[in-house]
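S.K.: After the structure tokens below, expect a handful of questions from me.
The values are calculated or read from the model by the stated rules, or taken from the named source; none is laboratory data. In this text the structure is predicted, and so the values were computed from the model without any measurement. Methodologically, a virtual Cβ is constructed for each residue, glycine included, from the backbone with ideal geometry; neighbour enumeration extends over all protein chains shown. All accessible areas refer to the heavy atoms of the entire protein, side chains included, with ligands and DNA or RNA removed. Shrake-Rupley method; radii C 1.70, N 1.55, O 1.52, S 1.80 Å.
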Amino acid sequence: MTNTALLETVSLKKIYKVGKVEVEALRGVDLRVHSGEFVAIMGPSGSGKSTLMHLLGAMTRATSGKVLIEGVDTASMNDAERTAVRRKKLGFVFQKFNLLPALTARQNIEVARKIHGEPRTHESDSYLAEIIGLLQIEGKLDRRPSELSGGEQQRVAIARALTNRPAILLADEPTGALDSKNSEVVLKMFQELNKRLKQTILLVTHNPELEAYTNRLIEMRDGLVVSPKDS
Ligand code: ADP
């Protein structure tokens, strides 16, 4: 593990303006995630987890402070620059799987690879095959989302999120729509991706069982990190 964080926030603040009212969603968050870590962010509803995730995912701009991805500040970038960072560096998994319903699992994954501009090389094919094997969805690739269980759909969504070989995989409540059995399967697979491929993963969750699977837990309260922010 090097000293340079893969992902770092410095005094990160986000204020939402609702009419004349200002809501301080993040009040100065400092955190660092190193390459190869599997980190969970937990905290009660309203503590700022989603806001933090949106900023880490380069989806919105900060009011002040920095979000450094591989040392580059995305918080102040314009929309086009942030889109480029999202495409190249980040992978996203959501609570709702968001698969395209008319396409098979394989096509969902292929469309993502195309969008990311990943060439269909032998190397890229074997990387994808490894992921598909790890997620145990080889036998499901010709099915449409409606013909898959929630857990299977989420596993396809994880494969899709990894097609650009992201530096960081960001997951927002990835087990929120799953029953406990499927949640466990999906969490184990995140763990395997982390262990075997050294995939850096940052996950937001309400699921207290998740702690057992991750390397580190970050707790949030009222727009601040309240537990150890570094490893
Ligand atoms: P969590 O994900 O932990 O539930 P959020 O980041 O969604 O927390 O919310 C943090 C605070 O910011 C809450 O007080 C919430 O009401 C407020 N908030 C979140 N999004 C918006 C928004 N788009 N406009 C105004 N206030 C918001």
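S.K.: Rolling a 1.4 angstrom probe over the protein heavy atoms, how many square angstrom per residue are accessible across region 90-231?
M.R.: Value returned for region 90-231: 48 Å² of accessible area per residue.
S.K.: 222 nm [θ] for the chain, helices only, -39500 (n - 2.57) per DSSP H run of 4+, per residue, to 500?
M.R.: Numbers: 6 runs with 73 residues, N = 231.
Computed ellipticity for the chain at 222 nm equals -10000 deg cm²/dmol.
S.K.: Considering amide H positions built from the backbone, and no H for Pro or chain starts, which residues 5 or more places from Leu203, or on another chain, come under 5 Å of its amide H?
M.R.: Val39, Ala40, Ile41, Ala171
S.K.: What do you reckon, how do Ile41, Ile132 stack up by accessible area (1.4 Å probe), largest on top? Intermediate values should be presented prior to the final figure.
M.R.: Details: Ile41 0, Ile132 20 Å².
Final ranking, largest accessible area leading: Ile132, Ile41.
S.K.: Dipole magnitude of the chain about its Cα centre, charges +1 at Lys/Arg Cβ and -1 at Asp/Glu Cβ only, in debye to the nearest 20?
M.R.: My answer is approximately 480 debye.
S.K.: Same structure again: Output wanted: per-residue J couplings in Hz (rounded whole) for region 185-201, from phi through Karplus 6.51 cos²θ - 1.76 cosθ + 1.60, θ = phi - 60°, x for Gly and Pro.
M.R.: 4, 5, 5, 4, 6, 4, 4, 5, 4, 5, 6, 7, 9, 6, 5, 6, 10
S.K.: Still on this structure, I have one more. Which shape class, rounded, prolate or oblate, goes with region 89-215 when its Cα gyration tensor gives a ≥ b ≥ c as root eigenvalues, a/c under 1.5 marks rounded, and past that a/b bigger than b/c marks prolate?
M.R.: It comes out oblate by the Cα gyration axes.
S.K.: Right, something else. Can you tell me which aspartates and glutamates have their Cα less than 19 Å from the Cα of Lys188? Leave out same-chain residues fewer than eight positions away.
M.R.: Glu37, Glu130, Glu138, Glu152, Asp172, Glu173, Asp179, Glu209, Glu211
S.K.: Report the antiparallel proportion of the DSSP beta bridges in the chain as a percent, rounded to a multiple of 5.
M.R.: Once the DSSP bridges in the chain are tallied, antiparallel ones form about 55 percent.
S.K.: Is region 7-125 best put as rounded, prolate or oblate by its Cα gyration tensor, with a ≥ b ≥ c the root eigenvalues, rounded for a/c under 1.5, and otherwise prolate when a/b is larger than b/c, oblate when not?
M.R.: Judged from the Cα gyration tensor, region 7-125 comes out prolate (a/c at least 1.5, a/b above b/c).
S.K.: Using a probe of 1.4 angstrom, how much of the accessible area of region 90-231 is carbon and sulfur, in percent?
M.R.: Here it works out to 50 percent.
S.K.: Can you give the extra length, in nm with one decimal, that the chain gains between Ala129 and Arg165 once fully stretched, where that is 0.36 nm per residue apart less the Cα-Cα distance?
M.R.: 11.7 nm
S.K.: Just the C-alpha atoms of the chain: what Rg/Rh do they give, with Rh taken as the Kirkwood radius?
M.R.: With Rh from the inverse mean 1/r over Cα pairs, Rg/Rh is 0.96.
S.K.: Can you quote the Å³ per residue value for the convex hull of the Cα atoms in region 55-128, rounded to an integer?
M.R.: 121
S.K.: Then there is this: Can you list the residues, at least 5 places off or on another chain, whose amide H is less than 5 Å from the amide H of His34, using H built in the peptide plane?
M.R.: Leu6
S.K.: When averaged across all projection directions, what area in nm² does the alpha-carbon convex hull of region 147-219 cover?
M.R.: Numbers: hull surface 19.7 nm².
With every direction weighted equally, the projected area is 4.9 nm².
S.K.: Report, by chain and number, residues whose modeled amide H sits under 5 Å from the one on Ser76, excluding near sequence neighbours (fewer than 5 apart, same chain).
M.R.: Val67
S.K.: Here are some pairs, Lys88/Lys140; Lys96/Lys195; Lys14/Lys89; Lys66/Lys140; which of them have Cα atoms lying more than 32 Å apart in this structure?
M.R.: Where the Cα-Cα span goes over 32 Å, the pairs concerned are Lys66/Lys140.
S.K.: What is the diffusion coefficient of region 117-188 in µm²/s, taking the Kirkwood radius over Cα pairs and the Stokes-Einstein relation at 37 °C with a viscosity of 0.692 mPa s?
M.R.: 251
S.K.: So, with +1 on the Cβ of K and R and -1 on the Cβ of D and E, and no other charges, what is the size of the charge dipole of region 17-148 about its Cα centre, to the nearest 20 debye?
M.R.: Rounded to the nearest 20 debye, it is 460 debye.
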